[in-house]
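The values are calculated or read from the model by the stated rules, or taken from the named source; none is laboratory data. Computed from a prediction, not measured in an experiment: that's the story for all the values here. Note: accessible area is taken over every heavy atom of the protein model, side chains too, but ligands, DNA and RNA are not part of it. Shrake-Rupley method; radii C 1.70, N 1.55, O 1.52, S 1.80 Å.
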Amino acid sequence: EGEAGAAQDPPDPKRATVSTKKLVPAKDNDFGSLCDAVGKAWKRNPLITLVYTNAAEFETEATTFNTVLRERQTAGGDRPSLTYRLDAADTLMEKGIKSVKRYLYDKYEAGAQARYSMFGMERVSGSFKLPNDRNKRGNMLLQIKESIAKEGLETKTYGKAFWDQLHTDYTALLTEAKKTDGFVSMQVGTKKLLRASLKKKLTSLIEVLRGN
(Lines give C-alpha, C1' and ligand atoms only; values in the text may rest on other atoms or scores of the structure.)
Protein backbone atom coordinates (compact mmCIF):
# COMPACT_ATOMS: atom_id res chain seq x y z
CA GLU A 1 0.00 0.00 0.00
CA GLY A 2 1.22 3.49 -0.75
CA GLU A 3 1.98 5.82 2.10
CA ALA A 4 -0.77 8.26 3.05
CA GLY A 5 -0.10 11.74 1.79
CA ALA A 6 2.52 10.58 -0.72
CA ALA A 7 3.32 13.21 -3.36
CA GLN A 8 1.37 12.82 -6.61
CA ASP A 9 3.06 12.65 -9.98
CA PRO A 10 3.11 16.03 -11.76
CA PRO A 11 0.58 16.43 -14.61
CA ASP A 12 1.72 15.26 -18.02
CA PRO A 13 2.34 18.45 -20.10
CA LYS A 14 1.57 16.56 -23.33
CA ARG A 15 -1.83 15.54 -22.01
CA ALA A 16 -2.55 19.14 -21.01
CA THR A 17 -1.60 20.34 -24.48
CA VAL A 18 -3.92 17.84 -26.15
CA SER A 19 -6.88 18.85 -23.99
CA THR A 20 -6.22 22.53 -24.76
CA LYS A 21 -6.28 21.81 -28.49
CA LYS A 22 -9.62 20.05 -28.09
CA LEU A 23 -11.07 23.23 -26.60
CA VAL A 24 -10.14 25.27 -29.68
CA PRO A 25 -12.41 24.47 -32.69
CA ALA A 26 -10.80 23.58 -35.99
CA LYS A 27 -13.58 25.06 -38.15
CA ASP A 28 -13.32 28.80 -38.75
CA ASN A 29 -17.00 29.55 -38.09
CA ASP A 30 -16.90 27.72 -34.75
CA PHE A 31 -13.58 29.34 -33.89
CA GLY A 32 -14.98 32.79 -34.65
CA SER A 33 -18.06 32.17 -32.50
CA LEU A 34 -15.87 31.00 -29.61
CA CYS A 35 -13.62 34.06 -29.85
CA ASP A 36 -16.65 36.36 -29.91
CA ALA A 37 -18.08 34.69 -26.78
CA VAL A 38 -14.71 34.71 -24.99
CA GLY A 39 -14.15 38.39 -25.80
CA LYS A 40 -17.50 39.36 -24.28
CA ALA A 41 -17.00 37.12 -21.25
CA TRP A 42 -13.51 38.50 -20.62
CA LYS A 43 -14.82 42.08 -20.59
CA ARG A 44 -17.27 41.04 -17.87
CA ASN A 45 -14.42 39.58 -15.81
CA PRO A 46 -11.68 42.24 -15.67
CA LEU A 47 -9.76 40.36 -12.94
CA ILE A 48 -8.60 37.89 -15.58
CA THR A 49 -5.40 39.34 -17.07
CA LEU A 50 -2.63 38.48 -19.51
CA VAL A 51 0.64 40.38 -19.50
CA TYR A 52 0.82 40.81 -23.28
CA THR A 53 -2.78 41.68 -24.16
CA ASN A 54 -6.16 42.68 -22.70
CA ALA A 55 -9.88 42.08 -23.14
CA ALA A 56 -10.46 45.08 -25.41
CA GLU A 57 -7.65 44.07 -27.76
CA PHE A 58 -8.89 40.48 -27.87
CA GLU A 59 -12.47 41.56 -28.63
CA THR A 60 -11.31 43.85 -31.43
CA GLU A 61 -9.21 41.09 -32.96
CA ALA A 62 -12.10 38.62 -32.69
CA THR A 63 -14.45 41.07 -34.42
CA THR A 64 -11.92 41.62 -37.20
CA PHE A 65 -11.47 37.86 -37.64
CA ASN A 66 -15.23 37.33 -38.02
CA THR A 67 -15.52 40.24 -40.47
CA VAL A 68 -12.66 38.94 -42.61
CA LEU A 69 -14.14 35.44 -42.50
CA ARG A 70 -17.57 36.66 -43.69
CA GLU A 71 -16.04 38.74 -46.49
CA ARG A 72 -13.88 35.83 -47.64
CA GLN A 73 -16.83 33.44 -47.64
CA THR A 74 -19.04 35.91 -49.52
CA ALA A 75 -16.41 36.54 -52.18
CA GLY A 76 -15.65 32.83 -52.46
CA GLY A 77 -19.36 32.10 -52.79
CA ASP A 78 -19.59 34.42 -55.80
CA ARG A 79 -16.76 32.62 -57.63
CA PRO A 80 -18.77 29.61 -58.95
CA SER A 81 -21.22 31.97 -60.66
CA LEU A 82 -18.33 33.88 -62.20
CA THR A 83 -16.70 30.64 -63.36
CA TYR A 84 -19.98 29.56 -64.95
CA ARG A 85 -20.21 32.84 -66.91
CA LEU A 86 -16.61 32.48 -68.08
CA ASP A 87 -17.33 28.91 -69.21
CA ALA A 88 -20.34 30.17 -71.17
CA ALA A 89 -18.22 32.91 -72.77
CA ASP A 90 -15.57 30.32 -73.72
CA THR A 91 -18.25 28.17 -75.37
CA LEU A 92 -19.49 31.17 -77.32
CA MET A 93 -15.94 31.98 -78.37
CA GLU A 94 -15.41 28.44 -79.66
CA LYS A 95 -18.62 28.66 -81.64
CA GLY A 96 -17.54 31.98 -83.11
CA ILE A 97 -14.06 30.79 -84.12
CA LYS A 98 -15.52 27.73 -85.86
CA SER A 99 -17.66 30.06 -87.94
CA VAL A 100 -14.61 32.21 -88.72
CA LYS A 101 -12.84 29.09 -90.00
CA ARG A 102 -15.78 28.45 -92.28
CA TYR A 103 -15.77 32.04 -93.55
CA LEU A 104 -12.06 31.77 -94.34
CA TYR A 105 -12.53 28.45 -96.11
CA ASP A 106 -15.33 29.90 -98.22
CA LYS A 107 -13.04 32.75 -99.18
CA TYR A 108 -9.65 31.01 -99.56
CA GLU A 109 -10.39 27.26 -99.62
CA ALA A 110 -7.04 25.46 -99.24
CA GLY A 111 -5.31 28.71 -98.30
CA ALA A 112 -7.54 29.33 -95.30
CA GLN A 113 -5.21 27.71 -92.75
CA ALA A 114 -2.46 30.18 -93.56
CA ARG A 115 -4.66 32.90 -92.05
CA TYR A 116 -5.69 31.11 -88.86
CA SER A 117 -2.83 32.61 -86.86
CA MET A 118 -4.22 36.07 -87.61
CA PHE A 119 -7.19 35.08 -85.48
CA GLY A 120 -5.14 33.83 -82.54
CA MET A 121 -5.38 30.16 -83.39
CA GLU A 122 -2.51 27.80 -82.62
CA ARG A 123 -1.80 24.35 -84.04
CA VAL A 124 -2.49 21.73 -81.35
CA SER A 125 -2.40 17.98 -82.10
CA GLY A 126 -2.97 18.53 -85.79
CA SER A 127 -5.80 21.07 -85.49
CA PHE A 128 -6.00 24.83 -85.05
CA LYS A 129 -7.48 26.08 -81.79
CA LEU A 130 -7.55 29.12 -79.56
CA PRO A 131 -5.25 28.86 -76.49
CA ASN A 132 -6.86 27.40 -73.37
CA ASP A 133 -5.36 30.05 -71.09
CA ARG A 134 -8.03 32.67 -70.44
CA ASN A 135 -5.61 35.55 -70.15
CA LYS A 136 -4.24 34.69 -73.59
CA ARG A 137 -7.78 34.44 -74.92
CA GLY A 138 -8.58 37.86 -73.54
CA ASN A 139 -5.57 39.31 -75.36
CA MET A 140 -6.41 37.41 -78.57
CA LEU A 141 -9.89 38.90 -78.79
CA LEU A 142 -8.53 42.29 -79.82
CA GLN A 143 -6.43 40.56 -82.50
CA ILE A 144 -9.51 38.68 -83.72
CA LYS A 145 -11.50 41.91 -83.97
CA GLU A 146 -8.76 43.53 -86.05
CA SER A 147 -8.49 40.48 -88.32
CA ILE A 148 -12.25 40.39 -88.86
CA ALA A 149 -11.97 43.92 -90.28
CA LYS A 150 -8.91 43.11 -92.40
CA GLU A 151 -10.64 40.11 -93.96
CA GLY A 152 -13.85 42.04 -94.65
CA LEU A 153 -15.97 39.83 -92.41
CA GLU A 154 -17.62 42.62 -90.40
CA THR A 155 -21.18 41.97 -91.62
CA LYS A 156 -21.16 38.22 -91.00
CA THR A 157 -23.25 36.68 -88.20
CA TYR A 158 -20.00 36.13 -86.28
CA GLY A 159 -18.49 39.36 -87.52
CA LYS A 160 -17.73 42.73 -85.98
CA ALA A 161 -20.79 43.05 -83.71
CA PHE A 162 -20.33 39.55 -82.27
CA TRP A 163 -16.62 39.92 -81.50
CA ASP A 164 -17.00 43.49 -80.19
CA GLN A 165 -19.57 42.32 -77.65
CA LEU A 166 -17.63 39.21 -76.69
CA HIS A 167 -14.46 41.25 -76.21
CA THR A 168 -16.28 43.67 -73.89
CA ASP A 169 -17.97 40.90 -71.87
CA TYR A 170 -14.90 38.65 -71.62
CA THR A 171 -12.63 41.49 -70.53
CA ALA A 172 -15.10 42.47 -67.80
CA LEU A 173 -15.38 38.86 -66.58
CA LEU A 174 -11.61 38.40 -66.47
CA THR A 175 -11.20 41.65 -64.54
CA GLU A 176 -13.86 40.59 -62.04
CA ALA A 177 -12.29 37.13 -61.68
CA LYS A 178 -8.83 38.56 -60.99
CA LYS A 179 -10.26 41.01 -58.48
CA THR A 180 -12.23 38.28 -56.69
CA ASP A 181 -9.33 35.81 -56.63
CA GLY A 182 -6.94 38.48 -55.38
CA PHE A 183 -9.34 39.58 -52.64
CA VAL A 184 -9.98 36.00 -51.49
CA SER A 185 -6.26 35.28 -51.40
CA MET A 186 -5.60 38.41 -49.34
CA GLN A 187 -8.43 37.60 -46.92
CA VAL A 188 -7.21 34.04 -46.48
CA GLY A 189 -3.76 35.35 -45.52
CA THR A 190 -5.20 37.89 -43.08
CA LYS A 191 -7.51 35.27 -41.57
CA LYS A 192 -4.60 32.90 -40.93
CA LEU A 193 -2.61 35.60 -39.12
CA LEU A 194 -5.59 36.60 -36.97
CA ARG A 195 -6.43 33.00 -36.16
CA ALA A 196 -2.87 32.28 -35.02
CA SER A 197 -2.85 35.37 -32.80
CA LEU A 198 -6.27 34.62 -31.30
CA LYS A 199 -5.40 30.96 -30.75
CA LYS A 200 -2.31 31.98 -28.78
CA LYS A 201 -4.41 34.25 -26.56
CA LEU A 202 -7.09 31.59 -26.09
CA THR A 203 -4.45 29.08 -25.03
CA SER A 204 -3.05 31.56 -22.53
CA LEU A 205 -6.52 32.24 -21.11
CA ILE A 206 -7.20 28.52 -20.76
CA GLU A 207 -3.94 28.06 -18.83
CA VAL A 208 -4.73 31.03 -16.58
CA LEU A 209 -8.19 29.61 -15.77
CA ARG A 210 -6.71 26.18 -15.10
CA GLY A 211 -4.30 27.69 -12.62
CA ASN A 212 -7.08 29.30 -10.58
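Here are a few things to note about the model shown:
- Within the full protein context, the accessible area of K27 is estimated at about 150 Å² for a probe radius of 1.4 Å.
- Mean projection area, nm², convex hull over Cα of the chain: 20.7
- Calculated mean residue ellipticity, 222 nm, the chain: -25500 deg cm²/dmol, from DSSP H runs (n ≥ 4) at -39500 (n - 2.57) each, averaged per residue and rounded to 500.
- Across every pair of non-identical alpha carbons in the stretch 55-120, the mean reciprocal distance, once inverted, gives a Kirkwood radius of 16.1 Å.
- Counting only protein heavy atoms and using a 1.4 Å probe, the accessible area of E71 comes to about 80 Å².
- The length gained by stretching the chain between L34 and A172 to full extension, at 0.36 nm per residue less their Cα-Cα distance, is 45.7 nm.
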